[in-house]
1. Which ³J(HN,Hα) values, rounded to whole Hz and listed in residue order, are derived for segment 125-137 from phi using the Karplus coefficients 6.51, -1.76 and 1.60 in 6.51 cos²θ - 1.76 cosθ + 1.60 with θ = phi - 60°, glycine and proline given as x?
2. Return the sequence-ordered ³J(HN,Hα) values of segment 59-76 in whole Hz as given by the Karplus equation 6.51 cos²θ - 1.76 cosθ + 1.60 applied to θ = phi - 60°, using x for Gly and Pro.
Amino acid sequence: MEVIVSSSGDVQLGNVVRSTDPDVLILDVDEYERPNGQIWDFVSPLAEVVPILAVTASLSPAWFFRALHLGIRGFLPHGISGDELAAAARALASGLVALSPEFAEIILPPTSQADADEIDSLAEPLTPREQEVLAMVAEGLPNKEIADRLHISEHTVKFHISSIMGKLGASSRTEAVARGFRRGLVFL
């Protein structure tokens, strides 16, 4: 692995990424965190050019799903080893997603024995359309965008989400996605 540049300016970083065509961009998110969430303004266009690995002190489910929706594909905590960082960078360069175990526990809390029993079977399986909708919810897409992509009404999207939540026993979209991950219904 070779470090091409270390930058603290988002404009300089964008120019370097475009001129050097790196395999992976490792971004210390805490260095770029700004009031009003301006980090998102420059991360999204970069994610279209290069896989981004975010290194951060903490991770909330809301931040994770927003970052995932904008194209960030790796999430590691500060203090990881060089070998772990290199492995995650190689994974992203190969088209995979990297998520540290510590962050995975935040996003997908450990299952209880009752949840483990539920994983094997759902009382009523998700339809192919519900699986599509759940995957888009996992990407962080709002109902309107899901409706546009699937060429259906927002009302139909809401109906599918309600059905998904009922079948998965979830009380929120985030919980539905987490249960979908645990059941192997959603992949990053």
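1. Each residue's phi maps through the Karplus curve to give x, 6, 6, x, 5, 5, 5, 4, 5, 4, 4, 6, 5 Hz.
2. 8, 9, x, 4, 5, 4, 5, 5, 4, 4, 4, 7, x, 6, 10, x, 9, 10
Coordinate-derived values only; no laboratory data. If you're wondering where the values come from, they're calculated on a predicted model, not measured in any experiment.
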